[in-house]
Every structure is written in structure tokens, then in C-alpha cells.
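S.K.: Right, I'll just put the structure down here and ask away after.
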Amino acid sequence: MLYLAFIALFLVLWGCFYAVLPALRRGEALAAWLFARLTYASRLKPYVPLVLILVIGGLAIAWAGDQFVDLAELVRAKNPKLQDVDVLAHAWAISKRTASDTSFFVLMSNIGSPVGMTAIAAIVALVLAITKRFRWMFYLIITAGGGALINMELKRYFARARPDIAEMLLRASGYSFPSGHAMGSTVVLCALSYLAARTATRWRWKAACLALAWTLILSIALSRVYLGVHWISDVAAGICIGGLWVALTTVSYETARRIRLLRTGRVSG
């Protein structure tokens with residue numbers, strides 16, 4: 001049943017992204033045209049997409065950071081309401097366990113593990129090196145490697161205990177906050193979906209890359225709650241801080257890329 005739900009979620013997200021992405025591109029073109037018309041400065045028109053990236057990216061980074069800080073403060077303060085939500089979600093997940101659901105979530109957890117994400121990122125980085133896409137390779141290595149280091153430091157700083165080991169379906173060690181699986185999968189899969197979207201030539205495939213990435217991220221995050229190795233606030237925080245980091249590196253890379261293109265006289269490419 002969960003495999004069908006996975007496919008259904010992917011198709012829904014695919015449709016949403018397929019509807020939104022072309023509209024965003026048209027909005028970008030319209031904004032550039034309006035700016036040129038209103039300011040009578042057509043020479044500044046190529047810079048409008050760059051400004052939009054900085055503004056939208058900055059808002060995304062600020063929102064993700066705010067969400068993570070809010071969760072972190074509640075965890076540090078041992079907020080009773082947050083603890084109640086964690087305990088209720090934990091108990092509900094345990095009560096709904098079945099053999100088929102367990103096999104699905106174990107698979108998702110294995111895919112999103114540090115070993116799984118590292119293997120995927122390493123294979124893609126090797127392919128990028130072979131095809132001489134060195135900028136993309138360094139972007140992926142910095143994004144994935146930096147995310148792993150940030151997660152280790154955050155775990156050590158918050159030192160939050162995991163749920164009761166007796167209720168875990170998989171053995172897990174180390175601290176709980178934020179979830180390494182949730183953060184790692186968000187960082188690696190979002191970075192890969194960005195590169196895949198840059199490669200794809202049709203909107204349907206760009207949308208499919210984003211939809212698959214987010215379907216996997218959500219499935220991996222939920223698997224950690226179902227398997228009893230994380231509180232739900234751990235995985236929410238992992239997604240938030242992972243989103244912040246990958247947004248920061250992607251906006252930085254895309255900004256540098258567009259500035260380089262503008263300097264060489266190539267507005268797109």
C-alpha cells in the first residue's frame with residue numbers, strides 16, 4: 001500500500017511542479033520586461049533574473065533558518081507541547097506497524113542513510129568528473145560534504161537522546177537532533193535535482209526530478225519516525241536545516257554562474 005502511496009505522491013508533486021515551473025519562468029521574463037520598460041534601462045534587463053534569484057533564495061534561506069531556530073529553541077527548552085507532539089507521533093507510528101509497511105520504510109531508511117547518500121553522491125560526482133563537469137562536481141561535493149559536517153556538529157551541540165531503544169526496529173546510535181537521514185537526503189537529493197533540472201531540456205523532466213527528490217525526502221524522513229529511531233521534531237529540523245544549507249550553496253553557485261555569464265556576454269547557458 002505504501003508503495004502505491006509513494007507513486008501517488010510522486011505523481012501529485014510532478015503535476016504541481018509541472019504547472020508551477022513554466023509559470024515561474026514566464027514570470028521571470030515578464031519581470032525583466034517590465035523593469036526595462038518602467039526604468040527605460042534595457043541594459044539592466046539581463047540582471048533581473050539574478051536579482052530574483054537572490055531575493056527568492058534569500059527568503060527561502062531566511063524561512064528555513066527561522067523554522068530550524070524555532071524548533072531548536074523548543075528542544076533546548078524541553079517545551080512540553082513539543083514533547084507531547086513527539087510522543088504522540090512516536091506512539092501512533094508504533095501502533096500502525098505492519099510487515100509490509102516495515103519493509104517499505106526500512107528500504108527508504110537504507111536509501112537515506114549516510115552510506116546510501118554518500119554512495120549516490122560519489123557516483124554522480126565521478127560521472128561529472130569523467131564528463132568534465134568540474135563546477136557541478138565541486139558544487140555537489142561542497143554541498144553534500146558541508147551538510148554532513150554541519151549535521152555532526154549540530155548533533156553534538158544539542159545532544160538530544162533518541163526514543164527508547166526497545167521500540168526501535170533498527171539499531172541507531174548517536175544523538176537524535178537533527179535527523180541525519182532527513183538532513184542528508186534533503187541536501188543530496190535537492191542538489192541532485194538541481195543538477196538534473198539543469199540537464200533536462202523539457203519542463204516535464206525538470207518537474208519529475210524535483211518531484212522524485214521530494215517524494216524520497218518525505219519518505220525517508222517518515223521512515224525514521226516509523227522505525228522508532230527519531231522524534232518527529234528531529235526529522236522536521238533535519239529537513240529545515242538541510243533545506244537552508246542546500247539553498248545557500250545553490251543560490252551561491254547559481255549567482256556566481258549568472259555573473260560569469262553576464263561578464264562574458266552570455267545571458268543564458
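The values are calculated or read from the model by the stated rules, or taken from the named source; none is laboratory data. Keep in mind that what you see is a predicted model, and the values were worked out from it rather than measured. No Cβ is skipped: glycine too gets one built from the backbone with ideal geometry, and neighbour counts run over all protein chains shown.
S.K.: Go through the range 86-100 and report how many residues are surrounded by 15 or more Cβ atoms within 10 Å (Cβ to Cβ) and at pLDDT 90 or above.
M.R.: Residues flagged as surrounded by 15 or more Cβ atoms within 10 Å (Cβ to Cβ) and at pLDDT 90 or above within the range 86-100 amount to 3.
S.K.: Same structure again: Test each condition in (1) more than 22 Å from Phe17 (Cβ to Cβ); (2) polar (S, T, N, Q); (3) without any contact (Cβ under 8 Å) to a residue 12 or more places away in the chain for Thr201 and report the one that comes out false.
M.R.: It fails just one condition, (1).
One line per residue, one yes/no per condition, for (1) modelled with pLDDT of 95 or more; (2) over 19 Å from Ala89 (Cα atoms); (3) touching a helix residue (DSSP H, G or I) at 6+ places or on another chain (Cβ under 8 Å):
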position: Arg135; (1), (2), (3): no, yes, yes
position: Thr143; (1), (2), (3): yes, yes, yes
position: Tyr157; (1), (2), (3): no, yes, no
position: Arg160; (1), (2), (3): no, no, yes
position: Asp164; (1), (2), (3): no, no, no
position: Met168; (1), (2), (3): no, no, no
position: Thr186; (1), (2), (3): yes, yes, yes
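S.K.: Then there is this: When the range 94-121 is examined, which residues are found to be closer than 17 Å to Arg162 by Cα, out of contact with any Leu (no Cβ under 8 Å at 6 or more places or on another chain) and of a type outside the set (Val, Ile, Thr)? Step through it out loud before you land on a result.
M.R.: Our first condition is that a residue be closer than 17 Å to Arg162 by Cα; within the range 94-121, this holds for 94, 109, 113.
Next, only the ones that are out of contact with any Leu (no Cβ under 8 Å at 6 or more places or on another chain) stay: 94, 113.
Selection gives Ser113 alone.
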